[in-house]
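Student: Take this structure, written in structure tokens, and hold onto it; I'll ask about it next.
The values are calculated or read from the model by the stated rules, or taken from the named source; none is laboratory data. In this text the structure is predicted, and so the values were computed from the model without any measurement. Glycine gets a Cβ as well: all are built from the backbone with ideal geometry, and neighbour counts include every protein chain shown. These accessible areas exclude ligands, DNA and RNA; they are computed on the full protein's heavy atoms, side chains included. Shrake-Rupley method; radii C 1.70, N 1.55, O 1.52, S 1.80 Å.
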Amino acid sequence: MKKIAVLTATRAEYGLLKPIIDALNKTDDFSVKVVVTGAHLSPEFGLTYKDIESDGIRIHKKIEILLSTDTPSAISKSMGLAMMGFADYFAESTPDALMVLGDRYETLAVCCAAANARIPIIHLYGGETTEGAVDEAVRHAITKMSYLHFTSTKEYRKRVIQLGESPERVFAVGGTGAENALKTPLMSKEELEKSLAFSLDRDYAVVTFHPVTLEEDTSKKQFGELLKAFGKHGEMKYIITKAGADSDGRIINKMVDEFANTNDNVCAVNSLGLRRYLSALKYCKTVIGNSSSGLLEAPSFKIPTVNIGDRQRGRIRAESVIDCEPVCDDICRAIDKANSTEFVELAHRTKNPYGDGNTSEKIVRILKEKMTDFTSDRLKKKFYDININVE
């Protein structure tokens, strides 16, 4: 059996990894070691490692790295703690490969430790672009540290190859966000209401807003503009999930609590968890914010997305996504458009560009083939040159 360490640091990342973990655990070819770190282990962010345990997934190791502040300096120090903690873990556990997803700072630090330990890295969802976030640079750095690549679209596969990765190691398999949306058993609306202790007796939106980490000190102003827009659309209800452990995320989360405490049409939660989150999407009128889920999962539910600001700029999106500036009037116009009969009908006809729901099966099939000779020699990659005319 090949031993694969699977890294997860956040609720969103775990949700995308879960179908792959489940699929790997159903085979006799792999031994999956789930390693939990970051926001999962923080009471402030909901101790979401408990969601992993409640799903029946065994956690092999918990590694604490998070500091109590979210300044750029604190995040760099957390990266240092991640490198130290995972250096020890890799020395003790010696996995045959490390599987990581996405673009977070913790992931980059862990990949550095894996590279030093000569552990091949399997990277999910390289080639994507999020031009408003530092994640953009982190994602491409992880791509260059990785040996095997799974991308969510053919366009993103081309970008990974453009970064010098050999086509024989890059596979377009679709997104597990779409797979989750299509295959996760969901709660009834009544179960969801009971779980939230919040009545969903009229149209509601699911809201997630994260800091735009390549902008300086914009979180408070931009989220304030969004709250103003909600004030002008008091006919709706709002389920707001709090921001994650990014720089200035705590500023947003404090504003969420204050807004929820003074508005009875608002439900604020640290984390909904995968099943509850997808259930909330199923019955909602629209998704609002700047989370990738508005682009990855929401189109599979045939619902509109109001995507605010630059955090997701550059990412492939369905026709059901409305882009707007992070100012109250523009957000209000976008909400009005999303709620219009014409646009609701358009969203209902939309096809999710992130796949058909069979991603995890494709990944396991490819891993069975590619990991038969997976050794540290595989770290000796050749840079794949493409023919391009550059003046």
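Student: Explain nothing, just the number: dipole magnitude of the chain about its Cα centre with +1 on each Lys and Arg Cβ and -1 on each Asp and Glu Cβ, in debye rounded to the nearest 20.
Tutor: Values: 53 positive and 55 negative charges, 204 e Å.
Charge dipole of the chain: 980 debye, to the nearest 20.
Student: Using modelled backbone amide H atoms (1.01 Å from N, in-plane), which distant-in-sequence or interchain residues come within less than 5 Å of residue 102's amide H?
Tutor: 124
Student: Which ³J(HN,Hα) values in Hz, rounded to whole numbers, follow from the phi angles of the range 92-107 under the Karplus curve 6.51 cos²θ - 1.76 cosθ + 1.60, where θ = phi - 60° and Gly and Pro get x?
Tutor: In residue order, the calculated couplings are 7, 9, 6, x, 6, 7, 10, 9, 10, 10, x, 8, 8, 5, 4, 5 Hz.
Student: Roughly how big is the range 255-391's charge dipole about its Cα centre, with Cβ charges of +1 (Lys, Arg) and -1 (Asp, Glu), in debye to the nearest 20? Mind dumping the intermediate values first?
Tutor: On the way: 21 positive and 20 negative charges, 173 e Å.
Computed about the Cα centre, the dipole is about 840 debye.
Student: If you don't mind, there's one more thing I want to ask. In the range 166-260, if every C-alpha pair distance is counted and binned at 10 Å from zero, what percent goes to each bin?
Tutor: With a bin width of 10 Å, the distribution comes to 13, 31, 30, 19, 6, 1.
Student: With 21 Å as the limit, write out which pairs from 50/242; 285/362; 154/380 have Cα-Cα distances beyond it, or answer none.
Tutor: Numbers: 50/242 17 Å; 285/362 32 Å; 154/380 25 Å.
Where the Cα-Cα span goes over 21 Å, the pairs concerned are 285/362; 154/380.
Student: Accessible area of the chain with a 1.4 Å probe: how many percent of it is carbon plus sulfur? Write out the running numbers ahead of the final one.
Tutor: Values: 8190 of 16810 Å².
In the chain, the share of accessible area belonging to carbon and sulfur is 49 percent.
Student: Also, I was wondering about something else. Roughly how many Å² is the accessible area per residue of the chain, as a whole number, for a 1.4 Å probe?
Tutor: Working: 16810 Å² over 391 residues.
I get 43 Å² per residue for this part.
Student: Further, regarding this structure: Taking H as built 1.01 Å from N, whose amide H comes closer than 5 Å to the amide H of residue 316, not counting residues under 5 places away?
Tutor: Amide H neighbours of residue 316, under 5 Å, 5+ apart: 129.
Student: At a Cα cut-off below 17 Å, give the aspartates and glutamates reachable from residue 368, other chains included and same-chain residues fewer than 8 away excluded.
Tutor: Of all the aspartates and glutamates, those that pass the test against residue 368 - Cα under 17 Å, at least 8 places apart if same chain - are 22, 28, 29, 96, 168.
Student: Once both labels are modelled 7 Å past Cα along the beta-carbon direction, what's the residue 365-residue 387 spacing in nm?
Tutor: Once both label points are built, they end up 3.1 nm from each other.
Student: On to the next question. If you work out Cα extents along the principal axes in Å from the coordinates, which of (i) 78, 75, 47; (ii) 63, 53, 43; (iii) 60, 45, 44 do you get?
Tutor: Entry (iii).
Student: Determine, from the Cβ-Cβ distance of residue 73 and residue 50 and an R0 of 41 Å, the FRET efficiency 1/(1 + (r/R0)^6), rounded to the nearest 0.05. Display every interim value, and only then the final one.
Tutor: Details: r = 30 Å, r/R0 = 0.72.
Rounded to the nearest 0.05, the efficiency is 0.90.
Student: Output ³J(HN,Hα) for the range 350-361: one whole-Hz value per residue in order, computed from phi by the Karplus curve 6.51 cos²θ - 1.76 cosθ + 1.60 with θ = phi - 60°, and x for Gly and Pro.
Tutor: Working through the residues one at a time gives 6, 9, 6, x, 9, x, 10, x, 10, 4, 4, 4 Hz.
Student: Among 364, 54, 332, whose Cα projects farthest towards the positive end of the dipole of the chain, with charges put on the beta-carbon of Lys, Arg (+1) and Asp, Glu (-1)?
Tutor: 364
Student: Follow-up question, since we're still on this one. Kindly flag which residue pairs out of 302/337; 228/351; 26/302 have an alpha-carbon separation exceeding 27 Å in this structure.
Tutor: Values: 302/337 15 Å; 228/351 32 Å; 26/302 31 Å.
Result: 228/351; 26/302 exceed 27 Å.
Student: Quick check on the range 75-217: what does the Kirkwood estimate of hydrodynamic radius come out to from the alpha carbon pairs, in Å?
Tutor: Working: mean 1/r = 0.0570 Å⁻¹.
Result for the range 75-217 stands at 17.5 Å.
Student: While we're here: Out of 299, 274, 379, whose Cα points farthest toward the positive end of the dipole of the range 267-391 (charges: +1 Lys, Arg; -1 Asp, Glu; placed on Cβ)?
Tutor: 379
Student: Would you check the accessible area of residue 329, probe 1.4 Å, heavy atoms only, in square angstrom rounded to 10?
Tutor: Approximately 90 Å² of residue 329 is accessible to the 1.4 Å probe.
Student: Here is a further query. Measuring from centroid to centroid over Cα atoms, what is the spacing of the range 5-61 and the range 132-186 in Å?
Tutor: Each part's Cα centre sits 19 Å from the other's.
Student: Right, something else. For residue 172, enumerate residues with amide H under 5 Å from its amide H, sequence gap 5+ or separate chain, H modeled in the peptide plane.
Tutor: Hits under the 5 Å cutoff: 151.
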